[in-house]
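All remarks here apply to the structure that follows.
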């Protein structure tokens with residue numbers, strides 16, 4: 001049995017390498033489909049067919065982007081030593097934003113509350129496509145259980161990846177990502193009229209964030225089951 005251990009480990013390493021080679025990354029998946037998607041969604045908005053536009057987004061996510069892997073790219077993290085996306089080892093709740101976007105009344109409080117509850121299991125990241133000076137001003141509203149990172153497109157060396165992340169799906173957009181960097185799902189942030197009651201905004205955003213967290217944790221449980229099955 002002892003002699004078989006090196007052979008088993010070798011075979012496992014080969015399967016791992018093969019699995020790595022078979023990965024489809026987000027930049028590749030979106031690159032293959034974004035041109036057609038943008039044309040169709042542009043037509044939908046031209047005719048004010050919001051339902052059609054939402055259907056196209058869901059279809060793109062479900063049929064083309066889910067299951068792909070988030071690319072590694074350079075980032076700047078306020079007050080923490082994080083230099084690239086792969087510096088994060090836990091599963092990730094990633095919200096992409098811009099400093100000029102005006103969040104709903106209950107959006108940030110809901111995210112703050114959920115992140116405090118699950119910070120030991122999940123890394124919560126708000127990614128701003130902006131300059132450091134502008135990001136610092138809006139970062140004060142988020143609690144310290146959330147990492148505030150920023151990417152200045154003019155300075156970032158991972159230009160292609162940044163372009164696909166920023167200009168393909170728009171923002172705010174949320175990515176639910178496993179610890180293996182696989183994209184579990186992608187969703188739009190809940191957007192309500194700014195004069196909506198605080199309680200309604202908070203409740204809907206809290207529900208949306210919590211559902212994303214549940215999907216991430218389910219994915220992590222599946223990963224754990226796969227490891228246990230392999231060991232057996």
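Hey, with R₀ at 22 Å, roughly what FRET efficiency would residue 203 and residue 58 work out to, going by the Cβ-Cβ distance, to 0.05?
My answer for the efficiency is 0.45.
With just the Cα atoms of the range 23-68, tell me how far they stretch along each of the three principal axes, in Å, largest first.
37, 16, 9
Which order results if 55, 171, 124 are arranged by neighbouring Cβ count within 10 Å, fewest first?
55, 171, 124
Among DSSP beta bridges whose residues both lie in the range 90-204, state the antiparallel percentage, nearest 5.
Percent antiparallel among DSSP bridges in the range 90-204 is about 50.
Can you work out the FRET efficiency for the pair residue 32 and residue 153, with r the C-beta to C-beta distance and R0 = 30 Å, to the nearest 0.05?
Rounded to the nearest 0.05, the efficiency is 0.85.
Only residues of the range 166-200 count here: report those whose backbone N is under 20 Å from the spot 7 Å along Cα→Cβ of residue 218, or say none.
Of the residues in the range 166-200, 174-190 have backbone N under 20 Å from the label point off residue 218.
Based on the Kirkwood radius over alpha-carbon pairs, what value in µm²/s does the Stokes-Einstein equation return for the translational diffusion coefficient of the chain at 20 °C and 1.002 mPa s?
It comes out at roughly 111 µm²/s.
Where both partners of a DSSP beta bridge lie in the chain, what percent of those bridges are antiparallel, to the nearest 5?
Counting DSSP beta bridges with both partners in the chain, the antiparallel share is about 55 percent.
Just rank 150, 37, 47, fewest to most, by other beta-carbon atoms within 10 angstrom.
Sorted ascending by nearby Cβ count, the order is 47, 37, 150.
Using the count of nearby Cβ atoms within 10 Å as a rough guide to exposure, how do 100, 129 rank from fewest to most?
So the ranking, lowest neighbour count to highest, is 100, 129.
Could you calculate the contour length gain from residue 47 to residue 141, that is, 0.36 nm times the residue separation minus the distance between their Cα atoms, to one decimal place in nm?
The span from residue 47 to residue 141 would gain 30.1 nm if fully extended.
For the chain, modelled as a Gaussian network with Cα springs under 10 Å, which listed residue fluctuates most, 115, 201, 36?
Residue with maximal mean-square fluctuation among 115, 201, 36: 36.
From the P(r) of the range 111-163, could you give the percentage of C-alpha pairs in the tail past 19 Å?
38 percent
Full extension from residue 22 to residue 211: what is 0.36 nm times the residue separation minus their Cα-Cα distance, to one decimal in nm?
65.1 nm
Computed FRET efficiency, Cβ-Cβ of residue 99 and residue 226, R0 35 Å: what is it to the nearest 0.05?
0.30
FYI, it's all coordinate maths here, none of it is from the lab. Predicted model, so just to flag it, every value in this text is computed and none were measured. So basically every Cβ, Gly included, is an ideal-geometry build from the backbone, and we count neighbours across all protein chains shown.
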